[in-house]
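**Q** Encoded as structure tokens, here's the structure I'll be asking about.
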Amino acid sequence: MDKPHILLVDDDVFIIETLTSYLEILGYQVTAAYSCRQAMEKLSDGKKVHLMILDYLMPDGSGTDLLQSLGNTANMQRPPVIMSSGIMDPNNPVWEKLRNHLPPESQALIQAYVSKPYTLDAMDVALHEVLGGDYIPGPRLTRQSKNIKSH
């Protein structure tokens with residue numbers, strides 16, 4: 001398999017830069033989007049996206065808004081999703097209620113959840129959980145700083 005292409009959707013420049021560098025070292029192709037609008041553009045530009053890492057809260061909407069749009073828009077890529085948030089806990093009933101309001105096609109896209117601030121090891125686990133055996137990244141790195149914190 002070619003290098004998987006990951007669409008990283010987050011409005012935090014530090015998260016985008018740090019995670020992009022890390023994922024590229026592991027052998028992934030990464031495209032960044034800093035808003036829901038940019039993510040929609042990237043998902044419709046024809047370049048295959050194998051996975052989307054999606055922040056919940058962004059300047060022009062929420063991750064669930066973006067997933068809602070994906071479920072309701074024809075001819076839009078619908079890659080598996082790792083949700084990422086510092087404010088929304090996947091075990092909270094509010095999250096379950098938000099998720100249940102999504103179209104079934106959009107609900108099925110959410111394959112994993114990583115709470116911010118997360119470690120690169122936690123992201124590795126989520127990546128392996130979603131991409132499975134389809135792609136084995138390059139050698140693991142020794143990291144001095146394991147936390148990625150949102151500013």
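The values are calculated or read from the model by the stated rules, or taken from the named source; none is laboratory data. What you see is a predicted model; the values in this text were computed from it and never measured. Heads up, the Cβs are rebuilt from the backbone with ideal geometry, glycines too, and the neighbour counts pull from every protein chain shown.
**Q** Could you check P79 against (1) over 24 Å from T119 (Cβ atoms); (2) touching a His at 6+ places or on another chain (Cβ under 8 Å); (3) at pLDDT 90 or above and say which number it fails?
**A** Unmet condition: (1).
**Q** Count, please, the residues in the stretch 70-105 that happen to be among the hydrophobic types (A, V, I, L, M, F, W, C), within 16 Å of the chain's Cα centre (by Cα) and within 29 Å of K47 (Cα to Cα).
**A** In the first step, residues of the stretch 70-105 are kept if they are among the hydrophobic types (A, V, I, L, M, F, W, C); the result is 70, 74, 76, 81-83, 87-88, 94-95, 98, 102.
Keeping just the survivors that are within 16 Å of the chain's Cα centre (by Cα) gives 70, 81-83, 87-88.
Then drop every residue that is not within 29 Å of K47 (Cα to Cα), which leaves 70, 81-83.
Looking only at that region, the number is 4.
**Q** Looking at (1) at pLDDT 85 or above; (2) of a type in the set (A, V, I, L, M, F, W, C); (3) outside any strand (DSSP E or B), can you tell me which one V114 breaks?
**A** Result: V114 fails condition (3) only.
**Q** Still on this model: Show me the strands (runs of 3 or more DSSP E) entirely contained within the stretch 1-68 in which 1 or more residues are under 20 Å from P103 (Cβ atoms), at pLDDT 95 or above and touching a strand residue (DSSP E or B) at 6+ places or on another chain (Cβ under 8 Å).
**A** Working: elements: 5-9, 29-33, 51-55.
Of the strands (runs of 3 or more DSSP E) lying wholly inside the stretch 1-68, those with at least 1 residues that are under 20 Å from P103 (Cβ atoms), at pLDDT 95 or above and touching a strand residue (DSSP E or B) at 6+ places or on another chain (Cβ under 8 Å) span 5-9, 51-55.
**Q** If I filter the stretch 35-52 for residues that are closer than 18 Å to S115 by Cα and under 14 Å from the mean Cα position of the chain (by Cα), do I get at least one hit?
**A** There is at least one residue in the stretch 35-52 that is closer than 18 Å to S115 by Cα and under 14 Å from the mean Cα position of the chain (by Cα).
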